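The values are calculated or read from the model by the stated rules, or taken from the named source; none is laboratory data. All figures in this text were calculated on a predicted structure; none of them were measured in a lab. Reconstructed Cβ throughout: ideal geometry from the backbone, glycine too, with neighbour counts over all protein chains shown. Remember, those area values only see protein heavy atoms, side chains included, never the ligands or the DNA or RNA. Shrake-Rupley method; radii C 1.70, N 1.55, O 1.52, S 1.80 Å.
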Amino acid sequence: MSRVGKRWYIRGAAAGAAALLLAGCGSGGDDDAAKALGKAEVSSVLPDAKAVPGWRSVLTPDAQEPNPEFPPSVCLSVNKKKRATACDHITYWGTSAYAHKPDGTSLNFWTLAYEDEKSADAAYDALAEYYGGDRVGVGAVPVDIGDPGSEHVANRAEMGTMGGPATITQLRVGTTVLGISTGTQGKKAVSDQEAKDFAAMFAERAQQAQNGEKPSSALTGQ
């Protein structure tokens, strides 16, 4: 697991201005506090069809409040205590999903939003114990995705739940924990570069939202 310990600076023409707004507007007078996201903002962080050209939409971006009795389906951990750390402090969560034909390659995104960065950091650690190793498949190996977010981990297995190569990536950006999974019924894995691009784009969208901006980061094409 990689704990980077630094902020993600968004790319593009507005990078200089965005760097000054890094981590959004502080709350409670703390200029360094990352912004907690509302329901609409969580939905906007999730990549839409324009952000992943070449992929067919399966689930459009959607966010909701968690039901205390039924934690988000993607909030999973190794034991009850760590599951409480990861799931009990979620304010909003959401998913979006895409697919490729003809091999049915799947691309799934999820966002878990927390009330503050401390809660998100603790949740990331608990979730990374679950998602950060062989959970994607037996014999999983790390994937180099560069340096997105405040913390990140990514692994690939040659045989995932769909029968072919699969990847799971987890990121923390400020008050959010982000997840990306891919899987296929075919033999061709999503490449390291694609996994890196997905992570960078998703992390940037989360940072843009916490900067008070409308998320606009997108892939250039497949």
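Report whether or not residue 217 is in contact (Cβ under 8 Å) with a residue 24 or more places away in the chain, assigned to a loop (DSSP other than H, G, I, E, B) and under 14 Å from the mean Cα position of the chain (by Cα). It is true that residue 217 is in contact (Cβ under 8 Å) with a residue 24 or more places away in the chain, assigned to a loop (DSSP other than H, G, I, E, B) and under 14 Å from the mean Cα position of the chain (by Cα).
All of (1) under 20 Å from residue 199 (Cβ atoms); (2) assigned to a strand (DSSP E or B) hold for residue 92 with one exception: (1). Annotation for the range 77-91: no member residue is open to solvent by 30 Å² or more (accessible area, probe 1.4 Å), among the hydroxyl-bearing types (Ser, Thr, Tyr) and at pLDDT below 95.
Would you point out which residue out of 171, 178 is of a type outside the set (Gly, Ala, Ser), in contact with a Pro (Cβ under 8 Å, 6 or more places away or on another chain), open to solvent by less than 10 Å² (accessible area, probe 1.4 Å) and farther than 23 Å from residue 101 by Cα? Full working, then the answer.
On the way: 178 fails: in contact with a Pro (Cβ under 8 Å, 6 or more places away or on another chain).
On inspection, the qualifying residue turns out to be 171.
Taking residue 162 and the conditions (1) part of a strand (DSSP E or B); (2) modelled with pLDDT under 95, which numbered condition does it fall short on, given that it satisfies the others? Tallying (1) part of a strand (DSSP E or B); (2) modelled with pLDDT under 95, residue 162 fails exactly one: (1).
Filtered by the rule that a residue be under 15 Å from residue 109 (Cβ atoms) and without any contact (Cβ under 8 Å) to a residue 12 or more places away in the chain, the range 72-96 gives a lone residue, 73.
Any residue in the range 124-143 that is crowded, with 22+ Cβ neighbours inside 10 Å, part of a strand (DSSP E or B) and touching an Asp or Glu at 6+ places or on another chain (Cβ under 7 Å)? No; the residues of the range 124-143 include none that is crowded, with 22+ Cβ neighbours inside 10 Å, part of a strand (DSSP E or B) and touching an Asp or Glu at 6+ places or on another chain (Cβ under 7 Å). Here the range 50-64 is the region considered, the condition is being of a type in the set (A, V, I, L, M) and assigned to a strand (DSSP E or B), and the residue that is farthest from residue 97 (Cα to Cα) is 63.
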